[in-house]
Amino acid sequence: MTTPAPAHPTADSGIPDPAPAQRRILRVLVASQVLSGAGLAAGVTVGALLAHDMLGSTTLAGLPSALLTAGSALAAIAVGRISQARGRRPGLAAGYLTGALGSAGVITAAVLDNPVLLFTALFVYGAGTATNLQARYAGADLATPDHRGRAVSTVLVATTLGGVAGPNLAAPTGTLAEALGIPHLAGLFLLSGTAYALAALVLALWLRPDPLLLARTIAASRESSTAGTPSPQEQAPGKAPGGVVLGALVMVLTQLVMVAIMTMTPVHMHDHGHSTAASGLVIGIHIGAMYLPSPLTGRLVDRFGRLKVAAASGVTLLAAGILAAVAPGDSVALLALALALLGLGWNFGLVSGTAIITDAVPLATRAKTQGLVDVSIAVAGATGGMASGLVVAAGGYPVLALTGGVLSLALLPAVAATAYRR
């Protein structure tokens, strides 16, 4: 009589049990995400304002967002390839160090009042954004299919603390910058450079075992012990047909709409006489809404399915666009609510789209494919950032907001078509 193979590798097989390893990995990822969340704040809050001050024009105010998201596209490829070859730890650590280098470049550009150096540095700074997003995949590597949404959301929600605190430190970091002989607006980049460097250090020292490498080892062990039968972690839960194309479409559209509206909101507020602190508050609320609902979103994805949450993303983004379009320019409260809805819609799209991608891609090519998908997301963000300034210059902020909201409805027929094919 043959004894069945154990459901999980044990110490006898020399392979760590994935459950405690997953808990440790999530703790380390949470710590790094808290730090990197603060690093995200600088480019979002003051990048467009720096360009506006240097160039004296609103037309190119969306260029910083476009460049940092274009930089994140290149970084997504690099981080994905490094992770595929050597594991998540070196890939993520290298990405955050690159983001720290970009922050230092922005500070130098501000001191020299050099727009060319500013744009180049923002391109490099985009690596931090790409790495922050890539970390969500590391949280899902060892998760079972019915817990992937929650694993992704755990990593995402950790960004909230730094992401919300960062923009609201614009005033004190600006004061510190001025004391050091650095322009006020570049103060947040002092914070981002330090935060990204510390996030890289945390991952390099403590992300052990490496989640992707361990997942591959466990999958190989299970495959050999079950004569090629797919392991539970490799079996898709049957909740998200459509695979890579659908998951990528969901995340690309949500990123495009979110970046376009978010990028021009500080400029819109500045033009209506609001202070940097007020803009920082609105962006802080927006970033909080991007990440804070993640635990709830993860549970919704795991319980009700990827497709329903993806559809909810399109509807929420439409509501955000309409509210931003009709909100009076002097109403911080209504703009904050619109940006909160914008962040929530993005969160729905990112968590559901990530779960769809992870379900669809085998471990052998997972990191590389995820990196390529994130390139599409970054390109969409760059397009939204670059186009946002042009649209506002031509038709105003309300036109931009309403156009973004309507565009997000394209998610609904895509999701409906996929559900129909089930």
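The values are calculated or read from the model by the stated rules, or taken from the named source; none is laboratory data. Computed from a predicted structure; not experimentally measured. A quick note on method: Cβ atoms are made from the backbone with ideal geometry, for glycine too, and the neighbour counts reach across all protein chains shown.
Quick notes
- Region 154-212, residues that are within 24 Å of GLY91 (Cα to Cα) and charged (D, E, K, R): ARG208, ASP210
- Odd one out for VAL34 among (1) at pLDDT 80 or above; (2) surrounded by 13 or more Cβ atoms within 10 Å (Cβ to Cβ); (3) over 24 Å from the mean Cα position of the chain (by Cα); (4) hydrophobic (A, V, I, L, M, F, W, C): (3)
- Residue among GLY345, GLY385 that is buried (at least 24 other Cβ atoms within 10 Å of the Cβ), within 16 Å of VAL252 (Cβ to Cβ) and either among the polar types (S, T, N, Q) or modelled with pLDDT of 85 or more (or both): GLY345
- Meets criteria (closer than 23 Å to VAL157 by Cβ, among the aromatic types (Phe, Trp, Tyr) and without any contact (Cβ under 8 Å) to a residue 40 or more places away in the chain) for PHE348: no
Residue-wise test of (1) farther than 27 Å from VAL34 by Cβ; (2) crowded, with 24+ Cβ neighbours inside 10 Å.
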{"residue": "MET262", "(1), (2)": "no, yes"}
{"residue": "ASP271", "(1), (2)": "yes, no"}
{"residue": "SER279", "(1), (2)": "no, yes"}
{"residue": "HIS286", "(1), (2)": "no, yes"}
{"residue": "SER294", "(1), (2)": "no, yes"}
{"residue": "LEU300", "(1), (2)": "no, no"}
{"residue": "PHE304", "(1), (2)": "yes, no"}
{"residue": "LEU317", "(1), (2)": "no, yes"}
{"residue": "GLY321", "(1), (2)": "yes, yes"}
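- Among the conditions (1) within 27 Å of THR144 (Cα to Cα); (2) in contact with a Gly (Cβ under 8 Å, 6 or more places away or on another chain), GLY305 misses just one, which is (2).
- Comparison of LEU205, LEU212 shows that the only residue that is loosely packed, with under 15 Cβ neighbours inside 10 Å, modelled with pLDDT of 90 or more and outside any loop (DSSP other than H, G, I, E, B) is LEU205.
- Across region 315-328, not a single residue is classified as over 24 Å from THR418 (Cα atoms) and of a type in the set (Ser, Thr, Tyr).
- For the criterion of being assigned to a helix (DSSP H, G or I), touching a helix residue (DSSP H, G or I) at 6+ places or on another chain (Cβ under 8 Å) and farther than 22 Å from VAL309 by Cα, GLY353 fails.
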